[in-house]
Amino acid sequence: MRTPCIAANWKLQKTVAEVEAFIDAFLPLVKDNTTVEIVLAPVFTALHAAGKKLAGSNVGLSSQDVYHEEKGAFTGEVSPSLLMDVGCKYAIVGHSERREYFNETDEFLNKKAKAIQAAGMTVIFCCGEPLSVRESGKTNDLLAGQLDGGLKGLDTNKLILAYEPIWAIGTGVTASPEQAQETHKFIRSHIEKILGADAAASMRIQYGGSVKPGNVKELMACEDVDGALVGGASLEAESFAQIVNFGG
Ligand code: 13P
């Protein structure tokens, strides 16, 4: 049985005060939820305050990115152990926005993922295809390449995958449950090929891309969908609570 993991990726949004107000409103709404692993990923500047508020709760803290070096002359970067220091247990890597706007390659993401795990945190590794690739029927080839390069040498016990079709991110167009299931099934079969059957059976694969209270249930009902990575609909406490409480 895979415990679904549902994470909020707030991207470049929310001040410290807004994050604190969200958490105050959100925790009472999800405190009785024992079936979903719940995670919030605020901006770097709000992690410390969020970590304090979430301590002892059933909600985990994640960064949206990280650098793979521990310390040194890397101006502007933040290391895994500094994230641990403010309460992070997870770090997202390889979001399509980082791949696109910051030219992050699978080789670079693999370094980050290894550093996150070495510090003791869990990696949320994102993969996904643009519309042109889906339309040309090459989605599986692209995903296989992202997984081959990005997951090399990782500890599968500290790894969650997030499948986020780029055409569904922030567009209001969600992958249909059939599309999500078909692609998640392919991802799991590829994990079996590169990381083994046990890893494939236990790996959580989140779906991301226009997940909302109105479509979460049908997506989570898919056999190979084990949670969600949520952008827009995670910004309001009520809305994100409805998503994580999809099981009733
Ligand atoms: P939306 O839920 O806004 O489509 O964003 C998805 C996403 O990119 C989460 O990482």
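The values are calculated or read from the model by the stated rules, or taken from the named source; none is laboratory data. In this text, all values refer to a predicted model and were calculated from it rather than measured experimentally. We place every Cβ from the backbone using ideal geometry, glycine too, and count neighbours over all the protein chains shown. Remember, those area values only see protein heavy atoms, side chains included, never the ligands or the DNA or RNA. Shrake-Rupley method; radii C 1.70, N 1.55, O 1.52, S 1.80 Å.
Of Ile166, Ile124, Ile205, which is the most mobile in a GNM of the chain whose springs link Cα atoms less than 10 angstrom apart? Maximum among the listed residues: Ile166. For Thr171, the solvent-accessible surface computed with a 1.4 Å probe is close to 70 Å², ligands and nucleic acids excluded.
Beyond 29 Å in Cα-Cα separation lie the following of the pairs Lys158/Lys185; Lys71/Lys158; Lys31/Lys112: Lys31/Lys112.
Put a dot 7 Å past the Cα of Asp24, heading toward its Cβ, do the same for Glu218, and the two dots end up 3.8 nm apart.
Extension gain for Asp148-Ala118 works out to 8.8 nm (0.36 nm per residue, less the C-alpha to C-alpha distance). Among the protein heavy atoms of the range 149-219, carbon and sulfur supply 52% of the accessible surface, probe 1.4 Å, non-protein parts ignored.
I want the local charge near Asp141. Using Cβ-Cβ distances under 13 Å, sum +1 for each Lys or Arg and -1 for each Asp or Glu among the other residues. Overall, the nearby charge balance is 0.
Dividing the convex hull volume of the alpha carbon atoms of the chain by its residue count gives 117 Å³ per residue. Of Asn58, Ala233, Phe44, whose Cα points farthest to the positive end of the dipole of the chain (charges on the beta-carbon: +1 Lys, Arg; -1 Asp, Glu; origin at the Cα centre)? Ranked along the dipole, the leading option is Asn58. On the principal axes of its alpha carbon atoms, the range 46-107 extends 36, 27, 18 Å, with the longest extent given first.
If you take every residue apart from Gly51 with its C-beta less than 12 Å away from the C-beta of Gly51, what net charge results, scoring Lys and Arg +1 and Asp and Glu -1? Within the 12 Å Cβ shell, the charges total +1.
A cut-off under 13 angstrom between Cβ atoms defines the neighbours of Gly150, and their net charge, with Lys, Arg +1 and Asp, Glu -1, is +2.
Take the Cβ atoms of Thr75 and Leu131, set R0 to 45 Å, and the FRET efficiency comes out at 0.80.
Using a probe of 1.4 angstrom and keeping all protein chains present, the accessible surface of the range 174-236 works out to 41 square angstrom per residue.
The mean sequence distance of close C-alpha pairs (under 8 Å, at least 6 residues apart), as a share of the length of the range 50-155, puts its relative contact order at 26 percent. Kindly identify the range 64-190 as rounded, prolate or oblate by the Cα gyration tensor criterion: order the square roots of the eigenvalues as a ≥ b ≥ c, call it rounded if a/c is under 1.5, otherwise compare a/b with b/c, prolate if a/b is larger, else oblate. It is prolate, given that a/c is not under 1.5 and a/b is the larger ratio. Taking the chain as a Gaussian network of alpha-carbon nodes connected by springs under 10 Å, the highest mean-square fluctuation of the residues Thr156, Thr139, Thr75 belongs to Thr75. Taking all Cα pairs closer than 8 Å and separated by 6 or more residues, the relative contact order of the range 1-79 comes to 32 percent. Expressed in units of 2.2 N^0.38 Å, where N is the residue count, the Cα radius of gyration of the range 125-248 is 1.03.
Expressed as a whole percent, the accessible surface of the range 24-79 that belongs to carbon and sulfur atoms is 54, based on a 1.4 Å probe. Run the numbers on the range 117-192 and let me know its relative contact order in percent, using alpha-carbon pairs under 8 Å that are six or more apart. Relative contact order of the range 117-192: 41 percent. Placing a pseudo-label 7 Å from each Cα along the Cα-to-Cβ vector at Phe44 and Ser202 gives an inter-label distance of 3.3 nm.
Spin-label pair Glu238-Ala17: with each label point 7 Å from Cα along the Cα-Cβ axis, the two points sit 2.2 nm from one another.
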